1. Kindly list, by first and then second residue, each pair from a residue in segment A:148-160 that is facing chain B (nearest Cβ under 8 Å) and of a type outside the set (Lys, Arg) to a residue that is in a helix (DSSP H, G or I) and surrounded by 20 or more Cβ atoms within 10 Å (Cβ to Cβ), limited to pairs with Cβ atoms under 6 Å and residues at least 6 apart or on different chains.
2. Name the residues in segment A:215-244 that are buried (at least 20 other Cβ atoms within 10 Å of the Cβ) and more than 14 Å from chain B (Cβ to nearest Cβ), would you?
3. I'm trying to understand the selection: among the residues of segment A:183-198, which are under 18 Å from A:Ala59 (Cα atoms) and either in contact with a Cys (Cβ under 6 Å, 6 or more places away or on another chain) or modelled with pLDDT of 90 or more (or both)?
4. Which members of segment B:28-54 meet the condition of being surrounded by fewer than 16 Cβ atoms within 10 Å (Cβ to Cβ) and either among the aliphatic types (A, V, I, L, M) or assigned to a loop (DSSP other than H, G, I, E, B) (or both)?
5. Could you tell me how many of the residues in segment A:24-62 are assigned to a helix (DSSP H, G or I) and without any contact (Cβ under 8 Å) to a residue 24 or more places away in the chain?
6. So if I check each of A:Arg158, A:Arg210, which one is under 20 Å from B:Leu88 (Cβ atoms), over 18 Å from the mean Cα position of the chain (by Cα), at pLDDT 90 or above and basic (Lys, Arg)?
7. Return a yes/no flag: does segment A:68-79 have any residue that is modelled with pLDDT of 85 or more, of a type outside the set (Ser, Thr, Tyr) and surrounded by 15 or more Cβ atoms within 10 Å (Cβ to Cβ).
8. Going by what's in this entry, would B:Ser57 be described as surrounded by 14 or more Cβ atoms within 10 Å (Cβ to Cβ), in contact with a strand residue (DSSP E or B) (Cβ under 6 Å, 6 or more places away or on another chain), hydroxyl-bearing (Ser, Thr, Tyr) and not in a loop (DSSP other than H, G, I, E, B)?
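The values are calculated or read from the model by the stated rules, or taken from the named source; none is laboratory data. What you are looking at is a predicted structure, and each value in this text was computed from that prediction instead of being measured. Note: ideal-geometry Cβ built from the backbone for every residue, glycine included; neighbour counts use all protein chains shown.
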Amino acid sequence: MWNELFLVPFLTGLGLAVLLPLLGCYLRLRDEWLAALAYSHVAAAGALLALVVGLPPTAGGIAAAGLAGAGKRLFSRRLSGGASYAVLLLGGWAGAVLLAANHPMAERLGHALFDGQLYFSGSDQLALVAIALVLALLLLRLLSKNLLLAHVYPDFFRIRGLRAWPIQGGFDLLAALFLALATMSMGVMGAFGLVFIPPWLAFRRARNWRSGLLLALVIGVLGYVAAFALALGLDQPFGPVLALLLIVIGLVIA
Amino acid sequence: MNSLLRAEGLVAGWQKPATQAVDFSLAAGEVVGLTGPNGVGKSTLLAAFAGRARIFSGRIEQQKGLRLALQTQDIPPVVGLPLSGRELLALTGAGAAGLPPWLAGRIDMRLDRLSGGQRHYLALWAILQAPADLVLLDEPTNNLDAAGVAHLTAHLRERAEAGAGVVVVSHDAAFVETVCDRVVLLGAGDVE
C-alpha cells in the first residue's frame, strides 16, 4: 500500500470513501438512493461515447451525468416516484452495453468501468477527487439545513419564500457530477456500495442527523481501507471486494 | 387594531372552488378559530391564507413583510430518519424553552423513537415556536392527550399576548372555545 504505485489510487479512493457516504445520506433522506445507480450508468455511457468520438472519457462521463442531473427536473412531473431514475438507469445501461459491444476500445473501458479500475487512477484523477471533496463538503454544509427542511416541512419551506429549485436542482447536479467522478475511479458498483450501505446502516443506528453523517463516514472509510488492503493482498478486483465487504459489514451491524 | 390579514369575498380551492365566499380579518394578538362541518373548506381557506391554494374570486391582503408559519395535517416524514427533536426545532428556528416537562427530557431522542403523541407535539412546537407574525394551525389537537391540549392552549394564548396572530382550524369544540378570541363558523357567518 505504501508503494508509490498504490498511494495515488489509495488516496483517490479514500477521498471518494469520505464523499460518497455523506452524499448518500442526503440521497437517502430524499428517498433517491436509486439515483446513485442511475447517474453511475449514465456516466459510464457518457464515458464510452466520449471514447468512441475521440474525447476524454472522464469528461464525457461527467458531462453526461451532469446533463442527466440538471435535466431530470424538467421531466419530474411526468416521471414521478423515482421513475426518472429507473429511466436513466435503463438508458445508461443500454447505451453503455451497446457502445461496448460495437467498439473494441469501448469494450475494454466498459469492463473497467463496471468492474472498477481504482488501481489505474493517476494523479490527475486524484486532483479531481480532492477538488470535488472540498466542494462537496462546502456545498453539502450550505444545502444541508434546507434539504432537511424541504423534506420534513415542505409547506413551511414554501411559505417562507425559499425556492426549491436552486436547492433541490443544485443538489441533483452535485450528486450527478460527484457520482460520475466516483464511477470513473472505482466503477459503477463500487461507487454504489459506498453511497448505499453506509447511509443505510447510519440511518438505522444513529441517534441524530449529525451522528448519522459521522457514522456513515466512518463505515465508508473503514470499509474502503479494509477492501483496498484485501483486494491488493488477494490480487482481486477492487469493486467486488468492496461491495462484498460492505454487505458483510451491513449484515453484521443491521 | 393592527390588521395582519384581511380577506374579502374570498373563494378558494384547488382544481375547482372549495369554499363559499368568505370575509375574514385577523389582528395582531388575536386567536381566531375556523370551524364548520367536514368539506366546507376550512383547510383550503387556511391554505389560501398561506398562498398555497388557488383563489377563484375575492382577495387577500396581508401586512407587508408578514412572516408565516403553517402547520398542516400532514405528518412530517421522520420514520427511519436519524433526526432528533432538537435538530427538528433548529430547522424552523424554534427553541426548546417552554416545552412541557413530559417532552423536554426527550428532546435529544430520535423522533421516530418517540410516541405518536410526543412526536406530533414536537412537530407542532417546531411550527408554533418558529419566528412568525402569523401562525396557521390545521387540527393541532389531533393525537394530543388532555395534558397536550392544555399545554397547547396556554402556549397559544402566550403567543398571542406576545403579538402574533393565530388562526386555528379545529373540530375540537372545547379547545376552540377555550383558546379563541373569536370563532368563524364557515357556512353560518361570524360568531363572537
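1. Once the first residue is facing chain B (nearest Cβ under 8 Å) and of a type outside the set (Lys, Arg) and sits in segment A:148-160, its partners that are in a helix (DSSP H, G or I) and surrounded by 20 or more Cβ atoms within 10 Å (Cβ to Cβ) give A:Leu148/B:Leu91; A:Leu149/A:Phe157; A:Leu149/B:Leu91; A:His151/A:Leu29.
2. Across segment A:215-244, the qualifying residues are A:Gly220, A:Gly223, A:Tyr224, A:Ala227, A:Phe228, A:Ala231, A:Phe238, A:Gly239, A:Val241, A:Leu242, A:Ala243.
3. To start, the set of residues in segment A:183-198 that are under 18 Å from A:Ala59 (Cα atoms) comprises A:183-188, A:191.
Residue satisfying the conditions is A:Ala191 alone.
4. Our first condition is that a residue be surrounded by fewer than 16 Cβ atoms within 10 Å (Cβ to Cβ); within segment B:28-54, this holds for B:37-39, B:51, B:54.
B:Pro37, B:Asn38, B:Gly39, B:Gly51 - these are the residues of segment B:28-54 that are surrounded by fewer than 16 Cβ atoms within 10 Å (Cβ to Cβ) and either among the aliphatic types (A, V, I, L, M) or assigned to a loop (DSSP other than H, G, I, E, B) (or both).
5. Filtering segment A:24-62 down to residues assigned to a helix (DSSP H, G or I) leaves A:24-29, A:34-52, A:57-62.
Those left that are additionally without any contact (Cβ under 8 Å) to a residue 24 or more places away in the chain: A:50, A:59-60.
Final tally of qualifying residues: 3.
6. On the way: A:Arg158 fails: at pLDDT 90 or above.
After applying the criteria, what remains is A:Arg210.
7. Looking for residues that are modelled with pLDDT of 85 or more, of a type outside the set (Ser, Thr, Tyr) and surrounded by 15 or more Cβ atoms within 10 Å (Cβ to Cβ), one finds at least one in segment A:68-79, hence yes.
8. Details: surrounded by 14 or more Cβ atoms within 10 Å (Cβ to Cβ): no; in contact with a strand residue (DSSP E or B) (Cβ under 6 Å, 6 or more places away or on another chain): yes; hydroxyl-bearing (Ser, Thr, Tyr): yes; not in a loop (DSSP other than H, G, I, E, B): yes.
Answer is no for this residue.
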